[in-house]
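Report on the following structure.
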Amino acid sequence: MTGALAHFGPRRRVYPSFFAKAFQRELAYKFEYFIGVFNGLLFMFIFTSLWEAVYAGPTAATGGTAFTREGIITYAVYAMLVRISMTQEESGIPAKVRSGEIAMDMIKPVNYMLMTLAETGGGTLFHWVTRVAPIFAVALFAFDAWPPSDPLNWLMLGVSWVFGYLIFFYLNFAFALLAFWFVETFSFQLMKFGLFTLFAGGIVPIDFFPDWLQPVIAFLPFPSIIYVPTALFIGHIPAAEAGSLIGVQVAWTVGLGLLCRVMWGMGQRKLIVQGG
Amino acid sequence: MSEGPLVVVDHLSRHFTLTESRPGFWGSVTGLFSRATSVRRAVDDISFSLEAGEFVGYVGENGAGKSTTIKMLTGILVPTSGTVRVGGLVPWESRRENSRQIGVVFGQRSQLWWDLPVRESFDLLRSIFRVPEGRFRENLAELDDALELSPLLATPVRKLSLGQRMRCDLAAAFLHDPKILFLDEPTIGLDLIAKDHVRSFLKRINQTRRTTIVLTTHDMDDIEALCERIVILDEGKIVYDGATESLKRRYVREKGVVVEFHGDPGVVTLPDLPTVRVEGEGAKRRFSVPVDSVGVATVIAAVAARFAVKDISIHEPKVGEVVKRIYDDPASLTRPEPGP
């Protein structure tokens, strides 16, 4: 047997391979890891301090919400952790379309969306190991925010996290696919980022928005991403409501998944692969 | 698979709409509301077919429509009109299925994963194309033998030289036993030795596996060395499709016979062959032989009969020169018989 063959093991399944390779690729950037942990803790510190300040005044600005001081700090810590645990690397589709590099993906017999999901998932798992775990460990002690002990809370977190993650993925994918129609998609990305930051619940729980705006936000996919998993986990939303909220998540997952499929089908016909 | 040609291209066209921006600031502002557009016919009603095992050169100047055609054949671009069948499939309708039966190498790009070692890329491709274990090992052994891959396998793709990367990309395109291989400028930027490696590999694979190969290149030496058939594109239209040899024969009106004598023979004339021109002076002379009326062998015999000959070489125009003439004057192909 020649040297070329010696190192190949048995053939693996394709999408798990994408997942594993994405994880492996992240390992190449070690410096990122330390900066990431530091940033996560820094932001957690900033937001908890902000809430401390908001609640410390003589007329506590609780906004008429059910959040106590401890409650909001717990929310801030876990919302940040959920947010970091959902980190999704850029799919790079707009850049690939612009350079024509997308051709090299399209000459392969793969389901592009599934491939992107697998790669994104591999990157996310990397963030779990390298960021979520250490930040969680530090946060436990630094912010006095112990997790609930009831397994039901963990179960609700697990289920709603998965759907929140998928909704977030499909949104990112759909916005990235706009590159098939528009050369410049930066303003769309900016819009998505703005809406996500405001309405996903990563920074401010939905409860703090004006009464007239809350039902509007409820009609958007964003709260399903961070607010719902976090609020269910810390018990801010009673378990009785979990069913309907997760139902909404499932609806968004299916709807956005279909949207992405349709966009991909149409976009492929629209796509003009650049370059020679 | 069904009988008949492997690839059928039927009245294929692809037009691009170009928006023309008007000059200056005011032009940009009005451009927001209305834009002048024009249509470029990148590929304009072309038809051809390929049999299994053919090695075809697909050439043309920049912008002639070569890459656009290849993109449609590989299923990554939808045509404006016309149809293509590759192994019975319409590429852009069955992109994924089609990609299993084709191999693609774009010289300017890589299908390998930039930051992974070559081995990992091959491993991923094997999973993607579901290459059976035995086939994978056989192919890899053969490719390693031809392209000397072993020393490169542990290196991340981004650290390979252009020649090394091309060897790996060629190998990558072959791992799944494609029926047909599309090569777009595979020798671009390679040094002579690397070019030679690539050429001999392609020749070998075409002969041993009967893989159909479509080669797009600006390097006419590639065509000369490899392609029995040549398709020439000009402004989106096929201007020539036929054997490389007959293209040469059609354009080659003269061959040169360079003769080196033992010493200066003085005035050299061939009284029996008045159409043969003699050029140069001293011990080395060039005879321009009009191939329609005089055989090269006749000239050599006539020269050898009258003078003491030390060495003879025959110069044939290369495909490159012929193709250049066609680029300069595409109409020359359709003119009945250009005079000498």
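The values are calculated or read from the model by the stated rules, or taken from the named source; none is laboratory data. Nothing here was measured: the structure is a model prediction, and the numbers come from that model. Heads up, the Cβs are rebuilt from the backbone with ideal geometry, glycines too, and the neighbour counts pull from every protein chain shown.
Checked against the criterion of being under 24 Å from B:L215 (Cα atoms), more than 10 Å from chain A (Cβ to nearest Cβ), in contact (Cβ under 8 Å) with a residue 40 or more places away in the chain and crowded, with 20+ Cβ neighbours inside 10 Å, the candidates B:F174, B:F122 yield just one match: B:F174. Residue pairs, Cβ under 7 Å, 6 or more apart or interchain, first in region B:34-56 and closer than 20 Å to B:L183 by Cβ, second buried (at least 16 other Cβ atoms within 10 Å of the Cβ) and of a type in the set (D, E). List them. Between residues of region B:34-56 that are closer than 20 Å to B:L183 by Cβ and residues that are buried (at least 16 other Cβ atoms within 10 Å of the Cβ) and of a type in the set (D, E), the close pairs are B:F48/B:D241.
If you go through region B:14-31 and keep only what is within 14 Å of chain A (Cβ to nearest Cβ), hydrophobic (A, V, I, L, M, F, W, C) and either more than 28 Å from B:I238 (Cβ to Cβ) or exposed (fewer than 13 other Cβ atoms within 10 Å of the Cβ) (or both), you end up with just B:L18.
I'm checking my understanding of the structure. Among residues of region B:34-63 that are of a type in the set (D, E, K, R) and buried (at least 17 other Cβ atoms within 10 Å of the Cβ), which one is nearest to B:D234 (Cα to Cα)?
Looking only at region B:34-63, we keep the residues that are of a type in the set (D, E, K, R), and these are B:35, B:40-41, B:44-45, B:51, B:54, B:61.
Okay, now just the ones that are also buried (at least 17 other Cβ atoms within 10 Å of the Cβ), so B:44, B:54.
Values: B:D44: 10, B:E54: 22 Å.
The extreme case among them is B:D44.
Can you pull out the residues in region B:167-188 that are of a type outside the set (D, E) and under 13 Å from B:D222 (Cβ atoms)? Working first, answer last.
First, the residues of region B:167-188 that are of a type outside the set (D, E): B:167-168, B:170-176, B:178-183, B:186-188.
Matches in region B:167-188: B:L183, B:P186, B:T187, B:I188.
Pairs linking a residue in region A:242-267 that is more than 19 Å from A:W181 (Cα to Cα) to a residue that is outside any helix (DSSP H, G or I) and of a type outside the set (D, E, K, R), with Cβ atoms under 6 Å and 6 or more positions apart or on different chains, are A:W252/A:P221. Only a single criterion out of (1) farther than 30 Å from B:A64 by Cβ; (2) modelled with pLDDT under 95 is not satisfied by A:G275, namely (1). Hey, does region B:153-163 have a residue that's at pLDDT below 90, in the same structural domain as B:P79 (by TED's automatic domain parsing), within 30 Å of B:M220 (Cβ to Cβ) and touching a Leu at 6+ places or on another chain (Cβ under 7 Å)? Yes, there is a match, as at least one residue in region B:153-163 is at pLDDT below 90, in the same structural domain as B:P79 (by TED's automatic domain parsing), within 30 Å of B:M220 (Cβ to Cβ) and touching a Leu at 6+ places or on another chain (Cβ under 7 Å). If the condition is being without any contact (Cβ under 8 Å) to a residue 60 or more places away in the chain and of a type in the set (A, V, I, L, M), then region A:124-141 contributes A:V129, A:V132, A:A133, A:A137, A:L140.
Annotation: of all residues in region B:61-77 being touching a helix residue (DSSP H, G or I) at 6+ places or on another chain (Cβ under 7 Å) and in contact (Cβ under 8 Å) with a residue 60 or more places away in the chain, the one that is nearest to the other protein chains (Cβ to nearest Cβ) is B:L77.
In contact (Cβ under 8 Å) with a residue 24 or more places away in the chain and within 14 Å of chain B (Cβ to nearest Cβ), is that true of A:E101?
Values: in contact (Cβ under 8 Å) with a residue 24 or more places away in the chain: no; within 14 Å of chain B (Cβ to nearest Cβ): yes.
Judged against the criteria, A:E101 is not a match.
Only a single item in (1) under 21 Å from B:D292 (Cα atoms); (2) free of Cβ contacts under 8 Å to residues at least 24 places away in the same chain is not met by B:K255, and it is number (2). Condition test on B:R130, is it at positive phi, among the basic types (K, R), facing chain A (nearest Cβ under 10 Å) and over 18 Å from the mean Cα position of the chain (by Cα)? Here the answer is yes, as B:R130 does meet what is asked. Among the residues of region B:78-105, those identified as within 7 Å of chain A (Cβ to nearest Cβ) and either under 19 Å from B:L202 (Cβ atoms) or touching a residue at least 12 places away in the same chain (Cβ under 8 Å) (or both) are B:V78, B:R95, B:S99, B:R100, B:V104. For region A:158-276, no helices (runs of 4 or more DSSP H) sit wholly inside it while including 3 or more residues that are within 14 Å of chain B (Cβ to nearest Cβ) and crowded, with 20+ Cβ neighbours inside 10 Å.
Where residues in region B:5-33 are in contact (Cβ under 8 Å) with a residue 40 or more places away in the chain and not β-branched (V, I, T), which of them is farthest from A:R269 (Cα to Cα)? Steps first, please.
Here is the first cut: in region B:5-33, the ones in contact (Cβ under 8 Å) with a residue 40 or more places away in the chain are B:5-15.
If we keep only those that are not β-branched (V, I, T) too, we end up with B:5-6, B:10-15.
Details: B:P5: 26, B:L6: 24, B:D10: 19, B:H11: 19, B:L12: 16, B:S13: 15, B:R14: 13, B:H15: 14 Å.
Step by step, filter region B:5-33, then rank; the result is B:P5.
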